[in-house]
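The values are calculated or read from the model by the stated rules, or taken from the named source; none is laboratory data. What you see is a predicted model, and the numbers here were worked out from it, not measured in a lab. Cβ atoms come from the backbone with ideal geometry, glycine included; neighbour counts cover every protein chain shown. For the accessible areas, the whole protein counts, side chains as well, though only heavy atoms, and no ligand, DNA or RNA atoms are used. Shrake-Rupley method; radii C 1.70, N 1.55, O 1.52, S 1.80 Å.
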Amino acid sequence: MIKENVQDILRRLPAGVLLQAAAKSRSTSEIEEAVSAGVKIIGENYVQEAAGKFAVLGNKVKWHFIGHLQKNKVKQAVRIFDMIETMDSLKLASVLDKQCAKIKKVMPVLIEINSAREPQKSGVLPRDALNIAQELSKFKNLKLEGLMTLGPFTECPEDARPFFKQTREIFDTIREKLGSRLDWRYLSMGMSDTYRIALEEGANIVRIGTAIFGPR
Ligand SMILES: *Cc1c(COP(=O)(O)O)cnc(C)c1O
């Protein structure tokens, strides 16, 4: 089923949109099946879990971090991941920048926007995004490339639309103000239930778990 699911989703995605398989709790062999069907990016929420899978799959795929990154996991994370999608503080950025410098790596990063403004969620509030972007763009070993958002958890996918729309507006504003200094290009939004809506609102990375691997 995994293979058919991936092929089905890939057929629906417009050119230029990247499919990321959100693989928390999935086994290495499930991931391998997705990769053989055409998945090129794996999203992981936990560094420890990713490390085990990375040991098997290595650089056959790109690894994106999409969880909440703890500072004491950064050293291990910089060796595994090709992108950190969930930057939400300058403190974390500074730790990340230092660890990247140590292994001479420039890490692509996205800013996570707390578009639903839910206090229990991580991410930067919409009104702080431009400021954070300005500051993040100064780190030598980080390469700021765009935004990521989760949106609210709701029964009805359509409810996510205004949050995607707003994140897209922030994306455009930052492009306007800082775009000439950045390689500003990724908007990571949409999951199994909401990716069609996210695409309509301008997403060019979609993060899909359940619709590829089945229920968790
Ligand atoms: C699990 C997860 C997804 C995918 O969720 P599904 O509903 O299973 O498609 C996307 N993004 C993040 C950050 C996740 O943790």
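Scanning the stretch 160-179 for residues that are buried (at least 20 other Cβ atoms within 10 Å of the Cβ) and touching a residue at least 40 places away in the same chain (Cβ under 8 Å) turns up Phe163, Phe164, Thr167, Ile170, Ile174.
Taking the residues in the stretch 142-179 that are closer than 28 Å to Val95 by Cβ and polar (S, T, N, Q) as candidates, determine which candidate is farthest from the ligand (Cβ to nearest atom). Here the residue is Thr173. When the criteria are applied in full, Glu135 fails the requirement of being of a type in the set (D, E, K, R) and closer than 20 Å to Met189 by Cα. Being touching a residue at least 24 places away in the same chain (Cβ under 8 Å), open to solvent by less than 10 Å² (accessible area, probe 1.4 Å) and either at positive phi or away from the ligand (no atom under 15 Å from the Cβ) (or both): is that true of Leu182 here? Spelling it out, it is not the case that Leu182 is touching a residue at least 24 places away in the same chain (Cβ under 8 Å), open to solvent by less than 10 Å² (accessible area, probe 1.4 Å) and either at positive phi or away from the ligand (no atom under 15 Å from the Cβ) (or both).
Here Glu155 does not fit the description of being in contact with a helix residue (DSSP H, G or I) (Cβ under 9 Å, 6 or more places away or on another chain) and either of a type outside the set (Gly, Ala, Ser) or buried (at least 23 other Cβ atoms within 10 Å of the Cβ) (or both). Name the single residue, out of those in the stretch 100-132 being of a type outside the set (A, V, I, L, M, F, W, C) and in a helix (DSSP H, G or I), that is least open to solvent (accessible area, probe 1.4 Å). For the stretch 100-132, the residue satisfying everything is Pro126.
Of the residues making up the stretch 68-78, those that are surrounded by 15 or more Cβ atoms within 10 Å (Cβ to Cβ) and without any contact (Cβ under 8 Å) to a residue 40 or more places away in the chain number 7. If the condition is being of a type in the set (Lys, Arg), open to solvent by 20 Å² or more (accessible area, probe 1.4 Å) and within 13 Å of the ligand (Cβ to nearest atom), then the stretch 185-209 contributes only Arg196.
Is it the case that the stretch 55-64 has a residue that's in contact (Cβ under 8 Å) with a residue 60 or more places away in the chain and either open to solvent by 20 Å² or more (accessible area, probe 1.4 Å) or under 20 Å from Gly214 (Cα atoms) (or both)? Among the residues of the stretch 55-64, not one is in contact (Cβ under 8 Å) with a residue 60 or more places away in the chain and either open to solvent by 20 Å² or more (accessible area, probe 1.4 Å) or under 20 Å from Gly214 (Cα atoms) (or both), which makes the answer no. Hey, can you tell me all the residues within the stretch 1-50 that are open to solvent by 20 Å² or more (accessible area, probe 1.4 Å), more than 14 Å from the chain's Cα centre (by Cα) and closer than 17 Å to Thr86 by Cβ? Of everything in the stretch 1-50, those that are open to solvent by 20 Å² or more (accessible area, probe 1.4 Å), more than 14 Å from the chain's Cα centre (by Cα) and closer than 17 Å to Thr86 by Cβ turn out to be Gln48, Glu49.
Among the residues in the stretch 111-128, are any within 15 Å of His64 (Cβ to Cβ) and at pLDDT 95 or above?
Of the residues in the stretch 111-128, the ones within 15 Å of His64 (Cβ to Cβ) are 111-112.
Add one more test, that the residue is at pLDDT 95 or above, and what stays is 111-112.
Yes, that holds for at least one residue.
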